[in-house]
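So the structure is just underneath, and the comments pick up after that.
The values are calculated or read from the model by the stated rules, or taken from the named source; none is laboratory data. Keep in mind it's a predicted model, so treat the numbers as computed, not measured. Ideal geometry is used to build each Cβ from the backbone, glycine not excepted, and the neighbour counts take in all protein chains shown. What goes into the accessible areas is simple: the full protein's heavy atoms, side chains included, and nothing from ligands, DNA or RNA. Shrake-Rupley method; radii C 1.70, N 1.55, O 1.52, S 1.80 Å.
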Amino acid sequence: MTGFNLSFVPPARMFGSTPIRGLALAVAAIAAPVSAQDKAEGPAATVTIRADEPGPQVHPDVFGQFMEHLGTGIYGGVWVGEDSPIPNDSGYRSDVLQALRDIKVPMVRWPGGCFADEYHWRDGIGAPENRPVKINTNWGGVNEDNSFGTHEFMGFAERLGARTYVSANIGSGTPAETSQWVEYMTAPADTTVLAKEREENGRREPWTVDYLGIGNELWGCGGNMRAEYAADVTNRFITFAKPGTGEMLKIASGPSDANYDWTEAMMKISGPHIDGLALHFYTRPRDEKWEDKGPALGFPESEWASTLDHTQQMDEYITRHSAIMDRYDPEKRVMLAVDEWGTWYDAAPGTNPGFLQQQNSLRDAMVAALNINIFTKHAERVKMAAIAQMVNVLQAMLLTDGPRMVKTPTYHVFDLYQPWQGADSLPVELDSPVYRMDDISIPAVSVSAVRGADGAFHVALVNVDPNAAHPVGLRLEGVDAARVTGRILTASQMDAHNTFDNPGTVAPEPFGGAKISGGAISVTLPPKSIVVLQLR
Ligand code: AHR
C-alpha cells in the first residue's frame, strides 16, 4: 500500500462525519476560477462519508478565540479607547468588531494565559483613571494600565454575541477573590454589595460567565504545581465559585502536549467537580527547542512539512487524553477543552519578543484546517477550543498596525468552516496518498464532513502536498445530493500571506471543480489547498 488507509490506522486517523443518502445525479461543475497550478497530478485519495449516520454535534465553541493581555492583542488590537482617532464603538475598534462578527466568533477566553494567574480583577473595575498601573511580568515587562477590565471584556463579548470564558487567578489569588469576582459578574441586580458595586460601575444586570477557567497552566506559569496539588487546589477554588445567575462550566487547568500523568491525576481527583479539562498544544516547525522555533515566513519546504506533521500530533494527544478521561468519565460529561492551540514561531524580526507577534501564511491556514478536521473527528469529547490568539498574537485572525487591519489566511479558514459551528459531525473513511519530504511522511489529504443546521452537507478537503495535485473520489452514502458548490483557499507560495498593502493575496475564491455523478463526487485538489464543498 502506498498511501494512508485511514481505516487501518488508529481511530485517530479516521475522521467523524455523516452520510448523504442516495446521492443521485447531476453534475454541478461550475468552472473553477482558481489559478491553474502547473504541478504534477499525484495519486488519488478516496473518501467515504456516511451521511446517514450523523455523529455528535460540533459544538460552536470549538471555534472559540483566546485574547490575553499580551503585546497588542488587546491594547491597539481590540481596544483603542473612545477618544482614539481610530474608528471605534465605545472604545472597541470598529473594523476588528466587524471582521470578528463576520466569522461569528462564538466564544472568547480572557484575560490569560499566564497573565491570568497574576491578574487581580479589582484592578480592572471602576473609573479608568483610578485603576492601578502594573507591570506585565509575563509579556514584555510593559506597563499594564488596566483600562481593559471586566466591564470592557463583557462589553466586547456582548458586541460579538459571543459566550464568555473568564480565567480566574488561582496561582497567586485566593478562593475568596475568585468567589467575589464570580459574584460581582453574576449576582442578580439589587442583591449583594458586589451587585450594587457593579451597578455603580455602569452595569445593572448580571452577565453570564459561560466558562470559568480554574487557573492556567498550573504546572508552569500558573504556579509550578504538581498535578495532585493542582487538583486539590482546583477543588478548593471550585467549591466557592458559585454563579448568582446562569450556568457556569468549570474548566480545570489541564495538560500540555503528551503530559498524560497530569490528565490521570486531574481526572482522578477533580473529575467529579469539573466540567472540562483544558489541553494546550502549540505547533512549531522545529519542536526540539523553544528558543529556535523557526521563522513564520521564508521557510524551506522541510519546515512546511515538519509543521504540518507536528500539528497532526493533536490527533494523538486528544485520542490518548480522551482514553484516560474515558476511564473516569465514560459518559463523556467532562469536555476536553483545547483552549490554547495554534502555531508559535520565532517573533517577527524587530518586534518585542515578549509580544509574540508573527506573520500568518498559507501554512497557518493549513494548520487551522487540519486541526478543525481533528476536532470534528473528536466532537464527542472536544466541545470547546480557543485558538491562540485572536488579534496580533501568535496564530491570529487579524493583524493591526495603527488604523490599519488585515485578515490573515487563518481568518479565512474560520470563515470557510462556519457551517461546522453547531453542525452534526459525519463519519468519514479516508484512503490518502502520502506526502513525503525528507524523513517525513504524512497523509496528503485530510477531510472532515458535517450536516449543517441548514440541512446541507459540507465537506472540507485539505491537500498538504505543495508539489502535487491530488484527485479525490468521494462517496456520499445514504443521501441524495444533486448539487455541489465550493470555495478554495490556496496560493502560489507556501508562505504566501496578506499585508496591509496587499490584503488579498490569500483569500477564498469560488471553486467549481467538483462534479457529482450517480452518488459519486470527483474533485482534484490543487497543491497546498483547502477546498470546502457544500452539497444539497
Ligand atoms: O498564548 C501564549 C501563552 O502560551 C499563554 O499565556 C500560556 O498559557 C501559554 O504558555
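Among the candidates 146, 130, 201, which residue alone is touching a Lys or Arg at 6+ places or on another chain (Cβ under 6 Å), polar (S, T, N, Q) and more than 16 Å from the ligand (Cβ to nearest atom)?
On the way: 130 fails: touching a Lys or Arg at 6+ places or on another chain (Cβ under 6 Å); 201 fails: touching a Lys or Arg at 6+ places or on another chain (Cβ under 6 Å).
Being touching a Lys or Arg at 6+ places or on another chain (Cβ under 6 Å), polar (S, T, N, Q) and more than 16 Å from the ligand (Cβ to nearest atom) holds for just one of 146, 130, 201, which is 146.
Condition check: in the same structural domain as residue 353 (by TED's automatic domain parsing), among the β-branched types (Val, Ile, Thr), open to solvent by less than 20 Å² (accessible area, probe 1.4 Å) and touching a strand residue (DSSP E or B) at 6+ places or on another chain (Cβ under 9 Å). Does residue 166 satisfy that? Walk me through how you get there before you give the answer.
Working: in the same structural domain as residue 353 (by TED's automatic domain parsing): yes; among the β-branched types (Val, Ile, Thr): yes; open to solvent by less than 20 Å² (accessible area, probe 1.4 Å): yes; touching a strand residue (DSSP E or B) at 6+ places or on another chain (Cβ under 9 Å): yes.
Judged against the criteria, residue 166 is a match.
Looking only at region 107-122, filter to residues that are within 18 Å of residue 65 (Cβ to Cβ) and open to solvent by less than 10 Å² (accessible area, probe 1.4 Å); which one of those is farthest from the ligand (Cβ to nearest atom)? Before the answer, list the steps.
To start, the set of residues in region 107-122 that are within 18 Å of residue 65 (Cβ to Cβ) comprises 107-116.
Filter again for open to solvent by less than 10 Å² (accessible area, probe 1.4 Å), leaving 107-113, 116.
Numbers: 107: 16, 108: 14, 109: 10, 110: 11, 111: 10, 112: 5, 113: 3, 116: 8 Å.
For region 107-122, the residue satisfying everything is 107.
Can you name the residue in region 49-70 that is part of a strand (DSSP E or B) and either more than 16 Å from the ligand (Cβ to nearest atom) or of a type in the set (S, T, N, Q) (or both) and, of all such residues, is surrounded by the fewest Cβ atoms within 10 Å (Cβ to Cβ)? Quick ask: steps written out before the conclusion?
Filtering region 49-70 for residues part of a strand (DSSP E or B) gives 49-50, 57, 64-66.
Next, from what is left, pick out any that are either more than 16 Å from the ligand (Cβ to nearest atom) or of a type in the set (S, T, N, Q) (or both): 49-50, 57, 65.
On the way: 49: 32, 50: 23, 57: 18, 65: 25.
Taking the candidates together, the pick is 57.
Here is a list: 86, 74. Which entry is aliphatic (A, V, I, L, M) and open to solvent by 10 Å² or more (accessible area, probe 1.4 Å)?
Working: 74 fails: open to solvent by 10 Å² or more (accessible area, probe 1.4 Å).
Of the residues listed, the single one that is aliphatic (A, V, I, L, M) and open to solvent by 10 Å² or more (accessible area, probe 1.4 Å) is 86.
Taking residue 393 and the conditions (1) open to solvent by 10 Å² or more (accessible area, probe 1.4 Å); (2) in a loop (DSSP other than H, G, I, E, B); (3) more than 26 Å from residue 534 (Cα to Cα), which numbered condition does it fall short on, given that it satisfies the others?
(1)
Considering only residues of region 38-47 that are touching a Pro at 6+ places or on another chain (Cβ under 9 Å) and surrounded by 18 or more Cβ atoms within 10 Å (Cβ to Cβ), which is modelled with the highest pLDDT?
45
State whether one or more residues within region 191-202 are modelled with pLDDT of 95 or more, in contact with a Leu (Cβ under 9 Å, 6 or more places away or on another chain) and buried (at least 19 other Cβ atoms within 10 Å of the Cβ). Give the derivation first.
Restricting attention to region 191-202, the residues satisfying the condition of being modelled with pLDDT of 95 or more are 191-202.
The next check asks that each one be in contact with a Leu (Cβ under 9 Å, 6 or more places away or on another chain); those that pass are none.
The answer is no, given that none of the residues of region 191-202 is modelled with pLDDT of 95 or more, in contact with a Leu (Cβ under 9 Å, 6 or more places away or on another chain) and buried (at least 19 other Cβ atoms within 10 Å of the Cβ).
Are any residues in region 491-504 under 22 Å from residue 402 (Cβ atoms), assigned to a loop (DSSP other than H, G, I, E, B) and touching a Leu at 6+ places or on another chain (Cβ under 9 Å), and if so, which ones?
Of region 491-504, the ones under 22 Å from residue 402 (Cβ atoms) are 497-504.
Imposing the further condition that a residue be assigned to a loop (DSSP other than H, G, I, E, B) reduces the set to 498-504.
Scanning region 491-504 gives 498, 499, 500.
Select from region 101-127 the residues that are touching a helix residue (DSSP H, G or I) at 6+ places or on another chain (Cβ under 6 Å) and free of Cβ contacts under 8 Å to residues at least 40 places away in the same chain and list them in ascending order.
If the condition is that a residue be touching a helix residue (DSSP H, G or I) at 6+ places or on another chain (Cβ under 6 Å) and free of Cβ contacts under 8 Å to residues at least 40 places away in the same chain, then 124 is the only one that fits.
Has region 79-101 got any residue that is within 14 Å of the ligand (Cβ to nearest atom) and aromatic (Phe, Trp, Tyr)? Can you show your working first?
Initially, region 79-101 is screened for residues within 14 Å of the ligand (Cβ to nearest atom), giving none.
Looking through region 79-101, none of the residues is within 14 Å of the ligand (Cβ to nearest atom) and aromatic (Phe, Trp, Tyr).
Filter region 372-427 for residues that are small (Gly, Ala, Ser) and under 29 Å from residue 348 (Cα atoms); which is nearest to the ligand (Cβ to nearest atom)? Before you say what the answer is, go through the steps one by one.
We begin by selecting, within region 372-427, every residue small (Gly, Ala, Ser); these are 379, 385-386, 388, 396, 402, 422-423, 425.
Filter once more, so that each one left must be under 29 Å from residue 348 (Cα atoms): 385-386, 388, 396, 402.
Working: 385: 13, 386: 10, 388: 4, 396: 11, 402: 24 Å.
Among those that are small (Gly, Ala, Ser) and under 29 Å from residue 348 (Cα atoms), it is 388.
Scanning region 230-264 for residues that are part of a loop (DSSP other than H, G, I, E, B) and of a type in the set (Ser, Thr, Tyr), which turns out nearest to residue 163 (Cα to Cα)? Spell out the reasoning first.
Filtering region 230-264 down to residues part of a loop (DSSP other than H, G, I, E, B) leaves 241-248, 253-255, 257-259.
Adding the requirement that they be of a type in the set (Ser, Thr, Tyr) leaves 245, 253.
Values: 245: 14, 253: 19 Å.
Step by step, filter region 230-264, then rank; the result is 245.
Consider residue 342 carefully, then state whether it is within 15 Å of the ligand (Cβ to nearest atom) and under 30 Å from residue 525 (Cβ atoms). Walk me through it before giving the result.
Numbers: within 15 Å of the ligand (Cβ to nearest atom): yes; under 30 Å from residue 525 (Cβ atoms): yes.
Yes; evaluated as a whole, the condition is true for this residue.
Filter region 247-257 down to the residues that are small (Gly, Ala, Ser) and out of contact with any helix residue (DSSP H, G or I) (no Cβ under 6 Å at 6 or more places or on another chain), then identify the one that is most open to solvent (accessible area, probe 1.4 Å).
Let us first name the residues in region 247-257 that are small (Gly, Ala, Ser), namely 252-254, 256.
Now narrow it down to the ones that are out of contact with any helix residue (DSSP H, G or I) (no Cβ under 6 Å at 6 or more places or on another chain): 253-254, 256.
Details: 253: 3, 254: 5, 256: 32 Å².
The selected residue is 256.
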